[in-house]
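Working notes for the structure below.
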Amino acid sequence: MKHYNDLKLRVLSLFASTGGGWLGPSEAAERLHFLPPRSAWTYLKRLWRFGLLERRSSGRGTLKYRISEGGTASLVAFAAGLKGKDIGHEALVR
């Protein structure tokens with residue numbers, strides 16, 4: 001798997017593990033060990049543009065993301081490709 005897809009899989013897996021919860025870019029950067037941490041802001045915005053994450057903000061500095069339906073579908077497709085079989089979403093978030 002290419003590095004880009006590896007990173008995408010790691011990020012989507014993190015957001016899926018929150019059970020639909022919202023994470024800020026700084027928290028995601030810390031959990032994923034992004035270096036520099038500011039790069040997480042750019043990467044999460046890219047995934048949002050692709051429709052893999054949902055985004056909300058209630059004012060300056062309050063940006064949060066969570067996995068979208070499209071992100072969940074991509075995560076399932078990645079996992080199925082990795083394991084060579086079709087698996088359900090429930091198996092990924094446990």
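Quick notes on this one:
- Distance between the 7 Å Cα→Cβ label points at SER57 and ALA80: 3.5 nm.
- Put a dot 7 Å past the Cα of ARG10, heading toward its Cβ, do the same for HIS33, and the two dots end up 0.7 nm apart.
Every number in this text was worked out from the coordinates using simple rules, so none of it is lab data. Given the structure is predicted, the values throughout are model-derived calculations rather than measurements. With ideal geometry, Cβ positions are generated from the backbone for all residues, glycine too; neighbour counts draw on all protein chains shown.
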